[in-house]
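Before any comments, here is the structure.
The values are calculated or read from the model by the stated rules, or taken from the named source; none is laboratory data. All of these numbers come straight from a predicted model, not from anything done at the bench. Don't worry about glycine lacking a Cβ; one is built from the backbone with ideal geometry, like all the others, and counts go over all protein chains shown.
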Amino acid sequence: MDAPAVYRIALDVMGGDHAPHATLEGAAAALQRHADLHLILVGDESRMRPLFKHYGLIGDMAERFEVLHAPSVVTMEDKATCILKDKKDSSIRMAAQLVKDGLADGVVSMGHTGAAMVASKLVIGTLDGVDRPCLASVMPNTQGRPTVLLDVGANVDSKPEHVAQFALMGAVYAEEVLGVARPRIGVLSVGEEDGKGTELTRATSQALRELDINFGGNAEGRDIWNGNFDVVACDGFVGNALLKSAEALAEGILHGLKDSIMSGWLSRLGGLLAKSAMRRFVKKLDYAEYGGAPLLGIQGVSIIGHGRSDGRAVASGIRAAVLACEHRINEHIQASLHRMLPQAAPVGDGGNAA
């Protein structure tokens, strides 16, 4: 009988507003949750090691991770491309290099988003046949299952063939990782009629309509939330604006509910009676449940999270990386592109060890 697979994930410990405390807390939680996980903690060793005992990264747990010292950190003031020359010894660059060299299956970072994308695209490299990798965000909907929205920021200026590829990669992610059978795909537009939208959206829809997929046509903004579509594709400029607006709205709703509940004794009593329902509602809107956005189309797995991530969000990001490895997402993306698009290269292993 074959030994169970162990997935090696490089964690950018210095990435994020609350690093290294939040990242180490998340690392410990992820190791407790996933028996098939081995972590490579990449960061300033002098800042990490004194915190290991506090977060339980000792004893038997210490056998399931290793440390790679990275002396520098990419700050929010740095340019994303600094990792290519000035900060080759930064935690995100060195974590990505581990994936490039085949020493890790994936990388997780809550740090500088631009630097993480540069590291993923230019250090790790893209899959054969992928024109542009894209960021996918898993959004909650009223049907109780996720909607995959992409691209949400990796490409602010895209062509129809790029957005069509985003849609196909998102469909693979929805089906293989999220378990959505034959996901319904839509292109984000300003109306459901075929003639609505920009030249980009109309050309993308036409390209997808010619493929053997479950294409549902134009998706309006409301369709992201009502569950009419499982995958909604758009260019990164629109997707990023929509994502950030949605996150701000969710936070506003949660703060508003809290203020309303605390406004008087009667509403507080009602809040106590509805506590379990409120928790389920909050969980649906909480980005920490998903942990980060997978960058699809690269050779390996890359999860890019919020800078403000806490330990729970970091653990969720690591979980997303493990699931992507477990479901061999890159092999499925490569196979789908090869089957659907004639310019895609033959199926390879996608650089994803599993």
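Consider region 321-344 and keep the residues that are among the polar types (S, T, N, Q) and more than 15 Å from the chain's Cα centre (by Cα). The one that is nearest to Val42 (Cα to Cα) is Gln334. Look at (1) at pLDDT 90 or above; (2) under 19 Å from Gly179 (Cβ atoms) and you find that Gly297 fails only one, number (2).
For every residue, the table says whether it meets (1) among the hydrophobic types (A, V, I, L, M, F, W, C); (2) under 20 Å from Ser336 (Cβ atoms).
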| residue | (1), (2) |
| --- | --- |
| Gly114 | no, no |
| Val118 | yes, no |
| Gly144 | no, no |
| Asp151 | no, yes |
| Ala154 | yes, yes |
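Any residue at all in region 163-185 that's more than 21 Å from His332 (Cβ to Cβ), polar (S, T, N, Q) and either at pLDDT 95 or above or not assigned by TED's automatic domain parsing to the domain that holds Leu323 (or both)? Within region 163-185, none of the residues are more than 21 Å from His332 (Cβ to Cβ), polar (S, T, N, Q) and either at pLDDT 95 or above or not assigned by TED's automatic domain parsing to the domain that holds Leu323 (or both).
Output the residues belonging to region 96-132 that are of a type in the set (D, E, K, R) and part of a loop (DSSP other than H, G, I, E, B). Scanning region 96-132 gives Asp101, Asp105, Asp128, Asp131, Arg132. Of the residues Ser137, Ser158, the single one that is outside any loop (DSSP other than H, G, I, E, B) and among the polar types (S, T, N, Q) is Ser137.
Met278 falls short on exactly one of the conditions (1) in a helix (DSSP H, G or I); (2) under 18 Å from Ala174 (Cβ atoms); (3) modelled with pLDDT under 60, and that condition is (2). None of Ile303, Ile318 is closer than 13 Å to Ser120 by Cβ and either under 11 Å from the mean Cα position of the chain (by Cα) or at pLDDT below 60 (or both) except Ile303. Each residue in region 70-120 was checked for being acidic (Asp, Glu) and free of Cβ contacts under 8 Å to residues at least 24 places away in the same chain, and 4 of them qualify. Taken as a whole, the condition of being within 21 Å of Ala104 (Cβ to Cβ), assigned by TED's automatic domain parsing to the domain that holds Arg93 and out of contact with any Asp or Glu (no Cβ under 7 Å at 6 or more places or on another chain) applies to Asp12.
Residues in region 52-74 that are among the charged types (D, E, K, R) and within 26 Å of the chain's Cα centre (by Cα) were compared, and the one that is nearest to Arg33 (Cα to Cα) is Arg64.
For region 1-50, the set of residues classified as of a type in the set (Gly, Ala, Ser), part of a loop (DSSP other than H, G, I, E, B) and over 16 Å from Ile303 (Cβ atoms) consists of Ala3, Ala5, Ala35, listed by residue number. Take Gly16 and decide whether it is at pLDDT below 95 and under 21 Å from the mean Cα position of the chain (by Cα). Yes; evaluated as a whole, the condition is true for this residue. Report whether or not Tyr55 is closer than 25 Å to His112 by Cα, of a type in the set (Ser, Thr, Tyr) and in contact (Cβ under 8 Å) with a residue 60 or more places away in the chain. So Tyr55 does not fit the description; no. Is it true that Ala27 is in contact with a strand residue (DSSP E or B) (Cβ under 8 Å, 6 or more places away or on another chain), closer than 18 Å to Ala313 by Cβ and modelled with pLDDT under 95? For Ala27, the condition - in contact with a strand residue (DSSP E or B) (Cβ under 8 Å, 6 or more places away or on another chain), closer than 18 Å to Ala313 by Cβ and modelled with pLDDT under 95 - is not met.
Residues of region 94-143 that are surrounded by fewer than 24 Cβ atoms within 10 Å (Cβ to Cβ), under 21 Å from Ala315 (Cβ atoms) and outside the structural domain of Ser316 (by TED's automatic domain parsing): Val138, Met139, Pro140. Among the numbered conditions (1) modelled with pLDDT of 95 or more; (2) of a type in the set (Gly, Ala, Ser); (3) over 15 Å from Gly15 (Cα atoms), the only one that Gly43 does not meet is (3).
Looking across region 60-95 at every residue that is acidic (Asp, Glu) and part of a loop (DSSP other than H, G, I, E, B), the one that is nearest to Arg308 (Cα to Cα) is identified as Glu77.
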